[in-house]
Amino acid sequence: MNIDIAIIGAGPAGLMAAIHAGKLGARVLLIERAEYYGGQLIKQTHKFFGSKSEYAGERGVDIAALLVKQALDIPNVTAWNNATVLGYYQEDGILTVKRQDTFVTINAKKIIVASGASEKTLAFPGNDLPGVYGAGAVQTLMNVYGVMPGKRLLMVGAGNIGLIVAYQLLQAGVEVAGIIEAAPKIGGYLVHAAKIRRAGIPIYTSYTVKAAYGSPALTGATICQLDTNWQQIPGTELDIQADGLCLAVGLTPLTELLWQAGCKMAYVPELGGYVPFRDSSLLTTHPDIYVAGDVAGVEEASAAMVEGKLAGLAAAASLGQTTAALYEDYAEAKNQLTALRAGNISAKIRTGLAKVTVNKPSEALCEVI
């Protein structure tokens, strides 16, 4: 199959890339391995905040529905779900895809990798017991399938994901035994933490899981305090009874295809792990591969959407699909990203991006950048 632009991943970044490349006239193939389009958005029942351009006041699940409709309404955008990209072959630039029970080869002029990220885990005795979940699994059970993951859960991680999922558990009727955080202070936005505290849920900072126990499934966990060197302090153990333990301890970019393609990569802890070098138009060191969203560095969904827009515009422009509106849209998206990454909260992201961003924009966009 020959196509102008193949987009791998139909989450917030991939959908936005498809919308903006498709509107410029590029023939787009959007490939999603899951049953649903929308990525993490379909699990997010909370309202976004920010500006109107980042869908402030809208719930993630509603944003997903809106973006999916916009993408699928474009005649030159084709979308495949239940389709997994198996590999990229450098010799001829071919993608192989397993779609349901059929293997397909894709020859795309440009590729946008928007594959997202996977959840990190935590090593402790008993972490393989039934009842120990990743936060994404808990959200999928509750918000996609309507299944309660347990009656009483302990949350590990007080970043935005941990705080938001803890509140969603409360909304679903699950008792939250507490939130523990290894760092000395909460990592997520205080607006999320305030809702947790108003609900009377304790937040234990400088604590970690020492062990989980139970047979045949989880019945509780022992937590303990950490010193300034992140070492467990004997005698500080607390036992917390719970039939669920939810791990919200970070994400790692899903970069396997970028490694296969020979993109230059670097380990950047501020961005979640190994990420590709890219220019200001999100073009990697491979001349035909762009990135957007968490695969380029773990951030919020709002940033992923704007990066998807940038990558979609840049990829289409590189194929000659340029209009006067393109430059205006591109400049607007650049300004949006700058605003999203301003302030102390995003200082870590800015530090990470500085390590892998090279100032070599696509020729088609030089007059904007």
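Confirm whether G173 is modelled with pLDDT of 95 or more and either aromatic (F, W, Y) or part of a loop (DSSP other than H, G, I, E, B) (or both).
no
Within region 80-120, can you find the residues that are in contact (Cβ under 8 Å) with a residue 40 or more places away in the chain, of a type in the set (A, V, I, L, M) and open to solvent by 20 Å² or more (accessible area, probe 1.4 Å)?
V85, V104, A117
Which numbered condition in (1) open to solvent by 10 Å² or more (accessible area, probe 1.4 Å); (2) out of contact with any Pro (no Cβ under 9 Å at 6 or more places or on another chain); (3) touching a residue at least 40 places away in the same chain (Cβ under 8 Å) is the only one that Q232 fails?
The failed condition is (3).
Inside region 133-158, can you point out the residues that are open to solvent by 20 Å² or more (accessible area, probe 1.4 Å), assigned to a loop (DSSP other than H, G, I, E, B) and of a type in the set (G, A, S)?
Passing the criteria: only G146.
Which numbered condition trips up A26, out of (1) over 20 Å from the mean Cα position of the chain (by Cα); (2) crowded, with 22+ Cβ neighbours inside 10 Å; (3) not in a loop (DSSP other than H, G, I, E, B)?
Going through (1) over 20 Å from the mean Cα position of the chain (by Cα); (2) crowded, with 22+ Cβ neighbours inside 10 Å; (3) not in a loop (DSSP other than H, G, I, E, B) one by one, A26 breaks only (3).
Give the residue that is modelled with the lowest pLDDT, with candidates limited to residues of region 335-369 that are of a type in the set (G, A, S), in a helix (DSSP H, G or I) and surrounded by 12 or more Cβ atoms within 10 Å (Cβ to Cβ).
Within region 335-369, the match that is modelled with the lowest pLDDT is A364.
Please go through region 264-280 and pick out each residue that is buried (at least 21 other Cβ atoms within 10 Å of the Cβ) and assigned to a loop (DSSP other than H, G, I, E, B).
G272
Suppose we keep only residues that are in contact with a helix residue (DSSP H, G or I) (Cβ under 9 Å, 6 or more places away or on another chain) and hydrophobic (A, V, I, L, M, F, W, C) within region 195-226. Which one would you say is most open to solvent (accessible area, probe 1.4 Å)?
A199
Collect the residues in region 188-207 that are of a type outside the set (V, I, T), touching a strand residue (DSSP E or B) at 6+ places or on another chain (Cβ under 7 Å) and assigned to a loop (DSSP other than H, G, I, E, B), keeping them in residue-number order.
Residues satisfying the conditions are P202, S206.
Can you tell me which of K210, K185 is in contact with a strand residue (DSSP E or B) (Cβ under 9 Å, 6 or more places away or on another chain) and either in a loop (DSSP other than H, G, I, E, B) or within 18 Å of I164 (Cα to Cα) (or both)?
The unique qualifying residue is K185.
Just give me the residues in region 81-96 being touching a Phe, Trp or Tyr at 6+ places or on another chain (Cβ under 7 Å), within 19 Å of Y37 (Cβ to Cβ) and in a strand (DSSP E or B), in sequence order.
L95
State which residue is nearest to D243 (Cα to Cα) when the search covers only region 101-129 and only residues that are touching an Asp or Glu at 6+ places or on another chain (Cβ under 7 Å) and of a type outside the set (A, V, I, L, M, F, W, C).
Once the filter is applied, the top-ranked residue is G116.
Mind checking which residues of region 294-320 are in contact with a strand residue (DSSP E or B) (Cβ under 8 Å, 6 or more places away or on another chain) and either among the polar types (S, T, N, Q) or not in a helix (DSSP H, G or I) (or both)?
Passing the criteria: G297, V298, S318, L319.
Across region 12-23, which residue is farthest from the chain's Cα centre (by Cα) among those that are open to solvent by 10 Å² or more (accessible area, probe 1.4 Å) and in contact (Cβ under 8 Å) with a residue 60 or more places away in the chain?
Checking each candidate, the answer is H20.
Quick check, is A183 open to solvent by 30 Å² or more (accessible area, probe 1.4 Å), aliphatic (A, V, I, L, M) and within 26 Å of the chain's Cα centre (by Cα)?
No; evaluated as a whole, the condition is false for this residue.
The values are calculated or read from the model by the stated rules, or taken from the named source; none is laboratory data. What you see is a predicted model, and the numbers here were worked out from it, not measured in a lab. Every residue, glycine as well, gets a Cβ built from its backbone with ideal geometry; the counts of neighbours run over all protein chains shown. Remember, those area values only see protein heavy atoms, side chains included, never the ligands or the DNA or RNA. Shrake-Rupley method; radii C 1.70, N 1.55, O 1.52, S 1.80 Å.
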